[in-house]
Amino acid sequence: MWNDIENITKAGIGKIELAKANPFKFFMRSCMAGAYLAIAAILSFSLGALFQHDVALSKTLVAGSFGIGLALIVFLGGELFTGNCFTTIMPVYTKRKKLTELVPAWVICYAGNCVGSAIICTLFISSGALKDALTTYLTSSIAAKLNFDLMELFIKAILCNFIVCAGAYAGMKIQDSMTKLVFLVIIVMAFVLPGFEHCIANAGTFTMGLTLLGSSMDWSLLPLHMLIATIGNIIGGSILIGLPVYLTFKD
């Protein structure tokens, strides 16, 4: 019988202990998760660029295709920082791990995700594929991202990872592969379509922009954007969904 707290806690403990016992292996698993998410970015940004003349269609195609990234991570394995904000906080709530043990795992995972995503996204832009269409599309997309209100960005990041972790949580309980795939694709649409902020996805987006657009853009607000999005994602996964799940199912 499925026990929510016990199963999530075991999964979280496994991740924390792997990061401690074999940080390189955990880092590589994190790199792969970032690379899988970059595959989704390549597909969705290509569709967005090709259909950018129709804003509604472009946004729908981007949102509808980005879910392949989370599906790849779930089916092939990998450590995604945003999803781990939910699973690895549970051993802390249940007092089986300390917060000081959790933080290094988060740092390794975050770094690995960014490295894996950056490598694939850099290679994609360097290939020259769809260069003209992507230049126009990325210019407008990144300009919109970097023109942000701090509180709105923070809330978008919280809501984003609440949705992502709800998907990860459901994915742990859904056994049928086809049902899981369809569900993951749809739930990712729920955060991509409204324009919510996912720090790891943004790492790939900004890498594409830096590689393709270079100094033609003002990147001064990029570090602040990433910082606020990351903090919001942590709160969305660890507190907004993690804490209620713990309080609901604890003995």
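Rule-based calculations on the coordinates, nothing more; no lab input. Since we're looking at a predicted model, the values are computed, not measured. Quick reminder, even Gly has a Cβ in these numbers, built from the backbone with ideal geometry, and neighbours come from all protein chains shown.
Things to note:
- Listed residues Leu99, Leu70, Leu138, most fluctuating in the chain (Gaussian network, C-alpha, under 10 Å): Leu99
- Proximal charge balance of Asp251 [Cβ under 13 Å; K/R count +1, D/E count -1]: 0
- GNM remark for the chain: springs join alpha carbons under 10 Å apart, and the peak mean-square fluctuation among Thr205, Thr60, Thr88 falls on Thr60.
- Mean Cα-pair separation over length for the chain, i.e. relative contact order, pairs under 8 Å, 6 or more apart, %: 29
- Here Lys10 is the anchor, and the aspartates and glutamates within straight C-alpha reach of less than 17 Å, apart from those fewer than 8 places off in the same chain, are Glu79, Glu101, Asp251.
- Helices meeting the span-like rule in the chain (full DSSP H runs, Cα extent of at least 30 Å along the helix axis, mean Kyte-Doolittle score of -0.5 or higher): 23-50, 55-76, 99-126, 150-173.
- In the chain, the DSSP-assigned H stretches of four residues or longer account for a calculated mean residue ellipticity at 222 nm of -26500 deg cm²/dmol, using -39500 (n - 2.57) per stretch and the full residue count as denominator.
- Normalised alpha carbon radius of gyration of the chain [divisor 2.2 N^0.38 Å]: 0.98
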